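To start, the structure under review is shown below, and the notes come after it.
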Amino acid sequence: MEKRCDYLIIGSGVAGYNALKELLTLRPKAKIVMITSDRYYPYDRPPLSKDYLKGKIDKEMLFFEPEDFYKRDNLEVILKKKVEKIDTEDKVAILEDGDNISFNKALIATGGSPRKLGINGENLRGVHYLRTLDDADGIKSEISKGKNAVIIGGGFIGIEVASSLTMLGVRTTVIEVMPYIWSTFVDEKISNFIQKYFETKGVQFILNESVKEIEGDERVKAVVLNSGKKLNADFVVIAVGIKPNVEIAQQSGINVNNGIVVNEYLQTNHPDIYAAGDVANILDPISGKRRRIEHWNNAEYSGKLAVRNMLGRNESYNFISSIWSDIFDLHIESAGDTRDYDEYVIRGKFQLEKPKFSVIYIKGGVVKGYLAINRNVKELVSLNKLVQKGVNVSNKRDMLVDENFDLQKLLT
């Protein structure tokens, strides 16, 4: 069976959902098909590791729209189905069940999947990943029964889950293969601060260590490290990053290199096929480097931008992608490059008790990035502009440090 549409959206995450919303706004009568392997209509993922896991919000609150929103004559949402490949010449998506969808323009917004460790025992009951709503439900089901959790991976998701589980009374140990946590996100100074803060809350860390295997019969009982140390575990969460879901592109002759390679308009090497969100390899205008950006607001922005360019707008990607998290009583926001710098300035109270500070990273005299903890919105807005405009702050270190100085004045 073959369906026909003007616009095809493959994927229902943040990028896919925002692309759909943009299309419905700009082309309300266009024939649109969204197809997703998920069994749910589009929902928000960041709360899965935080408020949803902690039971602070109900499942219904995760969904962007009520189900009736998708009941339109010109829209079809296909759940629980995968696109196998795209015939790029005839512009036809071929589904795993043999059905076809022909289109004028298509967007691939397939996101990523959790990386596997490839070790014995990772498929035992009680071993979890966290990417989907069902994954979160699986972890929630363990909390009332298990009192010892081991988290493998000290990245963003692992640290957020550690915070949530600890607040729920679960004794939590984080294992990280690198010498410090958040190693792809912050420098060692900030990492050490976050680790010490977590330790004051009861989280334990084992760094510079990898996992050899997960022990158990049908269900996990322990995690064995390469050093030989064994940790008892009622359940385990593996959080060692994601791999981009590029299989459709690979099967379709679309360029792939750490994600789906796109130009400044988010076009692939096939001009009627675009990519957005976690799966897209974008030239970041802030860093000047090609990279995949696994951030919520980048997915929102790129989903909408891709649609506008599918409609012929020719708007270049020009966005400062920021990231945020709420862990214990820390509200963290960061943007720009926080790893490649010559010097840094700390503004505010860099202390474990009631921390409230910003770390501003500078290279060649230019503000390149920042990480802020418990700072006000006005300062965050100014920091974003300083990064986006590449403001030179040479010989202005005293102004950056002085909390009474309005950073907005550096922009004039």
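The values are calculated or read from the model by the stated rules, or taken from the named source; none is laboratory data. Since this is a predicted model, take the numbers as computed values, not measurements. Because the Cβ atoms are built from the backbone with ideal geometry, glycine has one as well, and the counts that use them run over all protein chains shown. With ligands, DNA and RNA removed, areas are computed over all heavy atoms of the protein, side chains included. Shrake-Rupley method; radii C 1.70, N 1.55, O 1.52, S 1.80 Å.
Things worth noting here:
- Residues (under 27 Å from the mean Cα position of the chain (by Cα) and in a strand (DSSP E or B)) located in region 76-102: Glu76, Val77, Ile78, Val83, Glu84, Lys85, Ile86, Ala93, Leu95
- Number of the condition not met by Tyr129 [criteria: (1) open to solvent by less than 10 Å² (accessible area, probe 1.4 Å); (2) hydroxyl-bearing (Ser, Thr, Tyr); (3) under 15 Å from Val236 (Cβ atoms); (4) under 20 Å from the mean Cα position of the chain (by Cα)]: (1)
- Failed item in (1) touching a Ser or Thr at 6+ places or on another chain (Cβ under 8 Å); (2) free of Cβ contacts under 8 Å to residues at least 40 places away in the same chain; (3) among the hydrophobic types (A, V, I, L, M, F, W, C), with Leu371 passing the rest: (2)
- For region 145-156, the criterion of a residue being open to solvent by 50 Å² or more (accessible area, probe 1.4 Å) and within 18 Å of Ser49 (Cβ to Cβ) is satisfied by no position.
- Matching residues in region 268-312 - criterion: being in a strand (DSSP E or B) and open to solvent by 40 Å² or more (accessible area, probe 1.4 Å): Leu283, Lys289, Arg290, Arg291
Yes/no per residue for (1) more than 27 Å from Ser113 (Cβ to Cβ); (2) among the basic types (Lys, Arg); (3) touching a Lys or Arg at 6+ places or on another chain (Cβ under 9 Å); (4) not in a helix (DSSP H, G or I):
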{"residue": "Arg131", "(1), (2), (3), (4)": "no, yes, yes, yes"}
{"residue": "Gly158", "(1), (2), (3), (4)": "no, no, no, no"}
{"residue": "Ser163", "(1), (2), (3), (4)": "no, no, yes, no"}
{"residue": "Val174", "(1), (2), (3), (4)": "no, no, no, yes"}
{"residue": "Val223", "(1), (2), (3), (4)": "no, no, yes, yes"}
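- Residue check for Tyr43: open to solvent by less than 30 Å² (accessible area, probe 1.4 Å), in contact (Cβ under 8 Å) with a residue 12 or more places away in the chain and within 30 Å of Ile238 (Cβ to Cβ): yes
- Candidate set from region 330-353 (those that are without any contact (Cβ under 8 Å) to a residue 12 or more places away in the chain and either among the small types (Gly, Ala, Ser) or not in a strand (DSSP E or B) (or both)); member that is nearest to Thr200 (Cα to Cα): Glu353
- Region 16-63: number of residues that are in a helix (DSSP H, G or I), touching a Leu at 6+ places or on another chain (Cβ under 9 Å) and more than 20 Å from Ala299 (Cα to Cα): 1
- From Pro285, Pro244, residue being closer than 28 Å to Lys389 by Cα and either in contact with a His (Cβ under 7 Å, 6 or more places away or on another chain) or touching a residue at least 24 places away in the same chain (Cβ under 8 Å) (or both): Pro285
- Out of Glu176, Glu122, sole residue that is among the charged types (D, E, K, R) and surrounded by 21 or more Cβ atoms within 10 Å (Cβ to Cβ): Glu176
- Beta carbons closer than 8 Å, at least 6 apart along the sequence or on distinct chains, pair a first residue in region 80-98 that is within 16 Å of Val246 (Cβ to Cβ) and open to solvent by less than 50 Å² (accessible area, probe 1.4 Å) with a second that is assigned to a strand (DSSP E or B) and of a type in the set (S, T, N, Q) for Ala93/Asn100; Ala93/Ser102.
- Checking each residue in region 1-15 for being out of contact with any Lys or Arg (no Cβ under 8 Å at 6 or more places or on another chain), more than 13 Å from Tyr70 (Cα to Cα), part of a loop (DSSP other than H, G, I, E, B) and modelled with pLDDT of 95 or more picks out only Gly11.
- Scanning region 235-251 for residues that are at pLDDT 95 or above, of a type outside the set (Val, Ile, Thr) and open to solvent by 10 Å² or more (accessible area, probe 1.4 Å) yields Ala239, Lys243, Pro244, Asn245, Glu247, Gln250, Gln251.
- Once region 1-18 is narrowed to residues that are of a type outside the set (Lys, Arg) and closer than 15 Å to Asn74 by Cβ, the residue that is surrounded by the most Cβ atoms within 10 Å (Cβ to Cβ) is Ile9.
- Being at negative phi and exposed (fewer than 15 other Cβ atoms within 10 Å of the Cβ) is a description that does not apply to Asn208.
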